[in-house]
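The values are calculated or read from the model by the stated rules, or taken from the named source; none is laboratory data. Please read all numbers here as calculations on a predicted model, not as lab measurements. For neighbour counting, all protein chains shown are included, and Cβ atoms are generated from backbone atoms with ideal geometry for every residue, glycine included.
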Amino acid sequence: MRKNMITLLTVIALAILVSCDKDGEEAQAPEQKQDAAETTPGGPTVMVSADKTHAVQPGDEITLTIEVSGFTLDPAKMDQANEDGVGHYRIYLDSASGEDYLAQGAENTTKVTIPETITDGSHDLRVVLHNNDQTPLDPAAEGSVLLIVYRL
Amino acid sequence: MAPQPHDPGDLLITENQEELEMKAYCRSVFLATLLVTGTALGAAPESKDPIKLTIHDWTGQYITTHIMGRVLEEMGYNVEYQQADYIAQFAGLESGDLHVAMEMWETTGKQAMDESLKTGKTVDLGETGMKAIEEWWYPLYMKEKCPGLPDWKALNECAEAFSTPETHPKGRYLGGPVTWAGFDDERAEALGLNYEVVHAGTDAALFAEIQSAYERKAPILAWVYTPHWAPIKFKGEWVEFPRYTEECYDDPKWGMNTEKAYDCGKPRGWIKKVGWKGGEEKWPCAYQAVRNFTISNQAMGEMVGEVDLDGKKVDDVVENWIKNNEDTWKKWTQCS
């Protein structure tokens, strides 16, 4: 009974507040943080953000959101003949290059598993654009996100 | 019959007055209803005496504490922020001169907290949700001079690379302020490290020296912890010591050095809240809110970056968090 009364009074109070302030300022949505972005002047640009960048554990699966402009990501064209402005990306850890990539793809959202061998410290996940024939763009176009990794 | 407006301006004035009167009425009714509801709940604050929250000398703790303080204020409590030594604060928490500490790190404060809890005068108020590491750290450019890193066994081979004119041929390790504990002097001795342990005077001095070295690419081996901005700004790695166990700290026989304790790395893990036991009876709803407080490494890391890297004021960052996370902190305030 007491709980019902409290609930009723609370609802009434909130209803009054809402009706009084209905023309007031809308609550702002939380700021969307872009973890990292790099651009290549005059060429395609890559923006990367991740769902987790702090206290990352080896073996964690990180979801990357990849936004590309001036370039078309097309998974169907992978390993096909080169076409200007079309290709896919490879995801590298730190200074890795060539075939030493963690994943490749052409989707705007992708998942990457952090290697068990990663050291405790700061690491870059780099998303590097590639042509259909698996060669990197020249000049290079990439974006990255910083991960703080440590075992618990 | 209602008075007729003489011109459009009068109409505007009349409408504004009516609107203002209506809003004033609404707010009066709202406040009255809240008062009745609060009375029915027997809700916070149970006492107007200020709840004293301790603050230390690092940004993240300042943010955590001020978020909690703002939430308690929203609940109607009076709050005071009291500068206190990280370990020595337990004397104040046990006596009731201090009431709540928002960050006790497993990495450095576990032993002191365990000792204090044994007195029965303090209470464990639960984990914050953040997971910590604080350990010996070096910038990546030092790995070129010491390729065996991050394995701790490489440290002695590279002692000269980490030396300064004052410590040569010994390496130099810059530890945190002595008040942070951490047992680095003991660690260096137990592991037979040919390093001189030097303690920074303050958190600011520690990171100023790291920054200065990093900018010059000078040798530096230092205490770095996170959540903190340093690992975001400076590319580097933590040394991998033998993993911590309780026996390592408590039993000299454990580990590679059978005569000395601390022959391992620092603990890693939780950051907890701890409080004066008497506060639970004095401010039960406030203590429940403190227990309910959680925040992620992600959120804290971003806020610390906003303050220490982007130059924003702590108060502004805290207010922004309060404004944008009402759904989160309002849940903390529910008192049963």
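For the stretch B:92-105, enumerate the residues that are part of a strand (DSSP E or B) and surrounded by fewer than 21 Cβ atoms within 10 Å (Cβ to Cβ).
Residues of the stretch B:92-105 part of a strand (DSSP E or B): B:100-105.
If the condition is that a residue be part of a strand (DSSP E or B) and surrounded by fewer than 21 Cβ atoms within 10 Å (Cβ to Cβ), then no residue fits.
Considering only residues of the stretch B:208-247 that are in contact with a Phe, Trp or Tyr (Cβ under 6 Å, 6 or more places away or on another chain) and surrounded by fewer than 16 Cβ atoms within 10 Å (Cβ to Cβ), which is farthest from the other protein chains (Cβ to nearest Cβ)?
B:Glu247
Just checking, how many residues over the stretch B:45-97 are over 30 Å from B:Gln111 (Cβ atoms) and in contact (Cβ under 8 Å) with a residue 24 or more places away in the chain?
Here is the first cut: in the stretch B:45-97, the ones over 30 Å from B:Gln111 (Cβ atoms) are B:45-49, B:70, B:73-78.
Okay, now just the ones that are also in contact (Cβ under 8 Å) with a residue 24 or more places away in the chain, so B:45-49, B:70, B:74-78.
Summing the residues that are over 30 Å from B:Gln111 (Cβ atoms) and in contact (Cβ under 8 Å) with a residue 24 or more places away in the chain in the stretch B:45-97 gives 11.
Checking A:Thr135 against (1) more than 14 Å from chain B (Cβ to nearest Cβ); (2) of a type in the set (Val, Ile, Thr); (3) touching a strand residue (DSSP E or B) at 6+ places or on another chain (Cβ under 6 Å), only one condition comes out false. Which one?
(3)
Being at positive phi and among the aliphatic types (A, V, I, L, M) is the filter here; which residues of the stretch A:44-95 pass it?
Once the filter is applied, which keeps residues that are at positive phi and among the aliphatic types (A, V, I, L, M), the stretch A:44-95 yields only A:Ala55.
For the stretch B:150-158, state whether one or more residues are at pLDDT below 95, buried (at least 20 other Cβ atoms within 10 Å of the Cβ) and not in a loop (DSSP other than H, G, I, E, B). Walk me through it before giving the result.
Keep residues of the stretch B:150-158 that are at pLDDT below 95, which gives none.
There is no residue in the stretch B:150-158 that is at pLDDT below 95, buried (at least 20 other Cβ atoms within 10 Å of the Cβ) and not in a loop (DSSP other than H, G, I, E, B).
Looking at the stretch A:102-124, I want the residues that are within 14 Å of chain B (Cβ to nearest Cβ) and have a partner that is surrounded by 19 or more Cβ atoms within 10 Å (Cβ to Cβ) and part of a loop (DSSP other than H, G, I, E, B) with Cβ atoms under 8 Å, at least 6 apart or on another chain. Which pairs are those?
A:Thr119/B:Pro150; A:Asp120/A:Tyr150; A:Asp120/B:Pro150; A:Gly121/A:Tyr150; A:Gly121/B:Pro150; A:Ser122/B:Phe234
Quick one: B:Gly201 ticks every box in (1) farther than 18 Å from B:Thr59 by Cα; (2) of a type outside the set (S, T, N, Q); (3) part of a loop (DSSP other than H, G, I, E, B); (4) without any contact (Cβ under 8 Å) to a residue 60 or more places away in the chain except a single one, so which number is it?
Condition (1) is where B:Gly201 drops out.
Looking for something under 17 Å from B:Trp270 (Cβ atoms) and buried (at least 18 other Cβ atoms within 10 Å of the Cβ) - is there at least one such residue anywhere in the stretch B:66-81? Lay out the reasoning, then the answer.
Here is the first cut: in the stretch B:66-81, the ones under 17 Å from B:Trp270 (Cβ atoms) are B:68.
Filter once more, so that each one left must be buried (at least 18 other Cβ atoms within 10 Å of the Cβ): B:68.
Yes, the stretch B:66-81 contains a residue that is under 17 Å from B:Trp270 (Cβ atoms) and buried (at least 18 other Cβ atoms within 10 Å of the Cβ).
Considering the stretch B:256-267 alone, what residues qualify as being out of contact with any strand residue (DSSP E or B) (no Cβ under 9 Å at 6 or more places or on another chain), crowded, with 21+ Cβ neighbours inside 10 Å and of a type outside the set (D, E, K, R)? Can you show your working first?
Kept after step one, since they are out of contact with any strand residue (DSSP E or B) (no Cβ under 9 Å at 6 or more places or on another chain), are these residues of the stretch B:256-267: B:256-264.
Going one step further and asking which of them are crowded, with 21+ Cβ neighbours inside 10 Å, we end up with B:262-264.
Listed by number, the residues that qualify are B:Tyr262, B:Cys264.
What helices (runs of 4 or more DSSP H), lying completely within the stretch B:204-303, carry at least 2 residues that are free of Cβ contacts under 8 Å to residues at least 12 places away in the same chain and within 30 Å of B:Val123 (Cα to Cα)? Spell out how you get there, then give the answer.
On the way: elements: B:230-233, B:246-250, B:279-282, B:284-292.
In the stretch B:204-303, B:246-250 are the helices (runs of 4 or more DSSP H) which contain 2 or more residues that are free of Cβ contacts under 8 Å to residues at least 12 places away in the same chain and within 30 Å of B:Val123 (Cα to Cα).
Taking the stretch B:22-61 only, how many residues are farther than 18 Å from B:Leu93 by Cβ, at pLDDT 50 or above and surrounded by 20 or more Cβ atoms within 10 Å (Cβ to Cβ)?
Qualifying residue count, the stretch B:22-61: 4.
So which residues in the stretch B:139-149 are free of Cβ contacts under 8 Å to residues at least 40 places away in the same chain and either away from chain A (no Cβ under 13 Å) or part of a loop (DSSP other than H, G, I, E, B) (or both), if there are any at all? Don't jump to the end; show me each part of the working.
Our first condition is that a residue be free of Cβ contacts under 8 Å to residues at least 40 places away in the same chain; within the stretch B:139-149, this holds for B:144, B:146-148.
Selection gives B:Cys146, B:Pro147, B:Gly148.
Condition first: more than 25 Å from B:Met303 (Cα to Cα) and either assigned to a strand (DSSP E or B) or among the hydrophobic types (A, V, I, L, M, F, W, C) (or both). Now tell me which residues in the stretch B:106-138 satisfy that.
The answer is B:Ala112, B:Met113, B:Leu117, B:Thr122, B:Val123, B:Asp124.
Considering only the stretch A:74-85, I want to know if a residue exists there that is surrounded by 13 or more Cβ atoms within 10 Å (Cβ to Cβ) and either closer than 26 Å to B:Ala299 by Cα or in contact with a Pro (Cβ under 7 Å, 6 or more places away or on another chain) (or both).
no
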